[in-house]
Amino acid sequence: DEPGTLVEVYEGAVRRYPKPDTLNYKSNGAWQAISAAEMLKRARHIALGLYSLGVRQGDRVALLSESRAEWVLSDQGCIFAGAVSVPVYPTLTPPQVKYIVNDCGARVLLVSTRAKLAEVESVLTECAALEWVVIFEPDGLSRTNTLSLVELEERGGALETEQPQLSAALARASSPEDLATIIYTSGTTGEPKGVMLTHANMVSNLI
């Protein structure tokens, strides 16, 4: 009964521990909670939102963000979409961000804030594979091919209504041997190296 993929880990955790406060974060000085069911629903909507942008199994999606609930949801969304999540440390310089985004061939970049996007805006045009930017903040977007996370989730929800079986089909397409994430080293001895981790790598550690 042990899980073989991260999809099975997430789904199993929600079944066994249907908590009202699986994810917790502070907003305006007060704690807010996201339930297990809501977490799973939002991850699936993000997955379908990514699919609506053209992301397919094995495609890379980079995450440039500080630690926050949206990071977790987006990472899970990548997993449910069959995409490969590529975390990018938020204090890296624009050239370092450009190197990682280009090296992994990311088609989508998820960014925490408008300020963080402004920091790296100048190098994004030099990222050949990059097609879309998704920003966690909801307002003030004027850049082309840019969505807020809310808009991405809305796209996913609409696609779920149109194709109710698609989410499960995408999730079931992943196997333990599939690549789940690429985690880049610090680059202290040269350019950063991407450490390729499969679902089985991650799940075996969890078990």
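Could you name every one of the strands (runs of 3 or more DSSP E) located completely within segment 138-207 that has at least 3 residues being among the aliphatic types (A, V, I, L, M) and under 18 Å from ASP75 (Cα atoms)?
By residue number, 179-184, 194-198.
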Checklist entry - Of the residues in segment 22-51, how many are outside any strand (DSSP E or B), among the small types (Gly, Ala, Ser) and more than 22 Å from SER175 (Cα to Cα)? => result 4
Checklist entry - How many residues are in contact with a Pro (Cβ under 9 Å, 6 or more places away or on another chain) and either without any contact (Cβ under 8 Å) to a residue 12 or more places away in the chain or part of a loop (DSSP other than H, G, I, E, B) (or both) if we restrict to segment 103-120? => result 1
Checklist entry - Restricted to segment 53-90, and to residues that are charged (D, E, K, R) and surrounded by 18 or more Cβ atoms within 10 Å (Cβ to Cβ), which residue is farthest from SER112 (Cα to Cα)? => result ASP59
Checklist entry - Among GLU131, GLU137, GLU151, GLU160, which is the only one that is among the acidic types (Asp, Glu), open to solvent by less than 70 Å² (accessible area, probe 1.4 Å) and under 15 Å from LEU110 (Cα atoms)? => result GLU137
Item to check | Residue identified as touching a Leu at 6+ places or on another chain (Cβ under 7 Å) and acidic (Asp, Glu) among GLU160, GLU151 | outcome: GLU160
Checklist entry - Checking ALA13 against (1) modelled with pLDDT under 95; (2) small (Gly, Ala, Ser); (3) touching a strand residue (DSSP E or B) at 6+ places or on another chain (Cβ under 6 Å), which test does it fail? => result (3)
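The values are calculated or read from the model by the stated rules, or taken from the named source; none is laboratory data. All figures in this text were calculated on a predicted structure; none of them were measured in a lab. All Cβ positions, even for glycine, are placed from backbone atoms using ideal geometry, and neighbour counts span all protein chains on display. Side chains are part of the model used for accessible areas, which takes the heavy atoms of the whole protein and leaves out ligands, DNA and RNA. Shrake-Rupley method; radii C 1.70, N 1.55, O 1.52, S 1.80 Å.
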